[in-house]
Every structure is written in structure tokens, then in C-alpha cells.
Amino acid sequence: MITDPLSRIFSMIKVKNLLSARLEASGPWAMCFGPYPDLKFGGVIKGERWMWTENDPKPHHLNEGDFYLVRGGQRYYIASDLNTQIVNGDTIFHHHLGVDGIVHYGEGPVTSIGAGGRFLFADRTANLLLDCLPPLLIINGKSDHASSLRPLMDLINHETQSRRHGTEVMADSLASMILMVMLRIYQSNKNQQNWLVALADPKLTTVISSIHLNPQRRWSVAELAKLAGMSRTAFATHFKIQVGRAPLDYLTHWRMMIASDALSHGSISLEDIAESIGYQSASAFNAAFKRFHGVPPGQYRQRTQGFIQFIPESSWEVV
């Protein structure tokens, strides 16, 4: 059984597709991409660039070794020069992809190299993770936090220089490690309020882990406060501040995520689902699920089973 909450959620959201790519650019350039679903990540291997998104419009300066994570549903922009006309990056990628798997753009010596990829999740429970993330997350490659990312950048650089046997397997593994390390780094952001950041709080990590491992238990605020080593009132206030939800509201949210996953990927009965997440009857579960999702569980199952996201053949992206 997977015991830590982040690994458990990552296993639930089921990554369906990942594309990796490398851009080697020369001269001034500026490109726009997306919007894409879910998550896009990348790193700067050589040179520098500017980056911004629709929801984070202030240009951020990225240097060699920096990483970024873009939340889906928004256009994003990268440029070597802010005064250069912005062109459609998908079109550039389509027309400049070489037989070596590298996008070569511009004339003259290569001044900028980047590599990265994109995650698509096959399950709507991915929103539990995606909703925690900012529109654009940038990690300084020279910071202490990035010590685990630097060797991964070296591997990405090596793997994307040319096509090799086993490259797809390597790319998938590297991308998963990069995403997990970036999420760990984001957990250190004390200015955010969500379960992901709260996992770094020593008073709450045991509480959240216990909720995730035992959703069927009829938890009380007093019991959860005892796990945190706090008074009931102090715990309830601290949990709401750090997580952004009241303790029992978070419990309900997690139960509904488990139910959504079960309904989307299996034939387990509503009675068994209800029992596994702490509801005494299928009717009580039905009512709670409908309040949360807006539709009864049976209808949700019909809508979501077989739901698959995919990347069209013509969909290339710059990194």
C-alpha cells in the first residue's frame, strides 16, 4: 500500500501521455504556445530567456539551469528578446523539427537550448493536485532547493541530444522525477494555503497522512487534533489557515476524490465504495457525492469511464 499522500495522489491521477522535446535556437526569437491541458515543464540548458503566461503576465527572466512548471489551461510565452515579434510556437515546432528529434530555429550560432515535456492526466482527480499549483512556478537552478534538480538537468541534456534506444523510457522516468522534485520544492512555499504545502508542516503531515490512509474512519476534529499534538480549537484554526479548508471539509473532499477514482476506473458497487470511505449506506453516499459533484455517482460513472486524454499527432510544443 502506498502510504505517503503525494505518492498516493500521483498514482491516482494516472499520467497518460508525456512528450519530451529539445529546442536549439539562434538569434532573437519569441513564441506563444497552448493553451494545453494539465502540466508543462521545462528547463534551460544553455543561455537565457524570458517567460510569462496569460495568468502571470509579468515576464520572468530565466537563466541556464532554471526549471519551470506551467499549469494547464493558459497560453504561455517564451522569448530571447522581449522586443521581438511573437510567433506561433506550435507552427514553428511543426516545421523545424529535425530527424534528430531536435527543433532547430533561427540562423547562426546556437544561443539558447531548452528541453522539457508535458503531462496529461487521464483522471479528473488530477484537479486535487493541479488546483494547488500557481500559474507558473519557476525554480532558480542555483538555489539550494534545486540541488536535486541539477543532476536531472544533466540527464535531460544527454538524453535529448540525439535519438537513442530506450529514450522514451528514460524520458518518462526523468520527467516523473523532475515533477516530484519540483512539487517537493513548492512545498517549502509558506505563503500558500493547500494540502500540498501543508504536508511540509510537521504538525499536519501526520494528520493528512492519516486521513488519506483511513478515509473510512469516522474522524472527529478532536481525534485529528490529538494526532497533531494540539488543542481542538488551535488545531482547527491552524488546519484551516494552512490547508485552506476545515479538517472535516478536507476529509469529505478526499473521500470524494477516492470515490471519483473508483467510479471512473472500476466496476465496484456503490455500496462497497460507500463503505470504503466511511458512509453507512449507499443512499448517504449518493447524497454526499451529488452535493460535491453536482451529479449522482451512477451518472458520474457513465460519463467518466473510458475517459482518455490524448495528444494529437500535430501537437508539438517548444520547451
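Annotations for the structure displayed:
- Long-range amide H partners of residue 64 with built H, under 5 Å: 47
- Angle between the chain longest axis and helix 232-243 axis [Cα atoms, degrees, rounded to 10]: 30 degrees
- Extension reserve of the residue 155-residue 180 stretch, reckoned as 0.36 nm per residue once the Cα distance is removed: 7.4 nm
- Both radii are taken from the alpha-carbon atoms of region 5-186; with Rh as the Kirkwood radius, Rg/Rh is 0.94.
- Whole-Å semi-axes of region 195-304's equivalent ellipsoid (Cα gyration tensor): 28, 13, 12
- Note on region 37-108: with charges restricted to the Cβ of Lys and Arg (+1) and Asp and Glu (-1), its dipole about the Cα centre is near 180 debye.
- Positive-end residue of 65, 44, 126, charge dipole of the chain with Cβ unit charges: 126
- Degrees separating the helix 247-265 axis from the principal Cα axis of the chain, which is the longest one: 70 degrees
- Helical runs (DSSP H, four residues minimum) scored at -39500 (n - 2.57) apiece and divided by the length of the chain put the mean residue ellipticity at 222 nm at -12000 deg cm²/dmol.
- Here the chain was treated as a single set of alpha-carbon atoms; its pair distances binned every 10 Å from 0 give 5, 24, 30, 22, 14, 5, 0 percent.
- Counting only alpha carbon atoms, the long axis of helix 167-186 and the longest principal axis of the chain meet at about 60°.
The numbers here are math on the coordinates, done by the rules we state, and not lab data. Keep in mind that what you see is a predicted model, and the values were worked out from it rather than measured. All Cβ positions, glycine included, derive from the backbone under ideal geometry; neighbour counts span all protein chains shown.
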